[in-house]
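Notes for the one structure printed next.
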Amino acid sequence: MSKLLKVAISALSLISITTIPQSAFAAVSCEANTANNHSNGSLASCVLSFDANIGLGNNYFACLQKNSISFDEKGQFESCTLARDLIIRNGNNVTNCLANGTVDVSISSNGIQSVNCSSIAAN
């Protein structure tokens, strides 16, 4: 990636990520000089300028501004600090992830999404 392109991306601080096959799309606005890239040039992490809503499969993650967000080498969402509570349903199980807690998402090679939270409400 050319030096000019890197400067333009940092200056705009607006990065769009599209991932397949999980059909996720996110446009995130990063604080100046906080973007870190993977060796392939895709966004690895940054500090959000604004709250970001990340849609991934049937789940939507509200990520909190002024906190870090991260993506894997393929541009798939990995983690952030939640802006509001999140309810995750998996069959008959319900997990309540609390605002200001960290959510970590992983997608297996066969496309199965796994969501873990660092702050979970007692049921």
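The values are calculated or read from the model by the stated rules, or taken from the named source; none is laboratory data. The shown structure was predicted, so the numbers you read here are calculated from the model rather than taken from an experiment. Ideal geometry is used to build each Cβ from the backbone, glycine not excepted, and the neighbour counts take in all protein chains shown. These accessible areas exclude ligands, DNA and RNA; they are computed on the full protein's heavy atoms, side chains included. Shrake-Rupley method; radii C 1.70, N 1.55, O 1.52, S 1.80 Å.
Here segment 65-79 is the region considered, the condition is being open to solvent by less than 40 Å² (accessible area, probe 1.4 Å) and outside any strand (DSSP E or B), and the residue that is modelled with the highest pLDDT is Asp72.
Being open to solvent by less than 50 Å² (accessible area, probe 1.4 Å), over 14 Å from Ser29 (Cα atoms) and more than 12 Å from the chain's Cα centre (by Cα) is true of Gly101. Can you pull out every residue in segment 87-110 that is closer than 17 Å to Ile54 by Cβ, of a type outside the set (Ser, Thr, Tyr) and not in a loop (DSSP other than H, G, I, E, B)? Ile87, Ile88, Cys97, Val103, Asp104, Val105, Ile107 - these are the residues of segment 87-110 that are closer than 17 Å to Ile54 by Cβ, of a type outside the set (Ser, Thr, Tyr) and not in a loop (DSSP other than H, G, I, E, B). Of all the residues in segment 42-56, those that are open to solvent by 30 Å² or more (accessible area, probe 1.4 Å) and of a type outside the set (S, T, N, Q) number 3.
If you go through segment 1-31 and pick out every residue that is open to solvent by 50 Å² or more (accessible area, probe 1.4 Å), modelled with pLDDT of 75 or more and either touching a helix residue (DSSP H, G or I) at 6+ places or on another chain (Cβ under 7 Å) or within 20 Å of Val103 (Cα to Cα) (or both), you end up with 0.
When Ser114, Ser109 are screened for being more than 15 Å from Ile69 (Cα to Cα) and open to solvent by less than 60 Å² (accessible area, probe 1.4 Å), only Ser114 passes.
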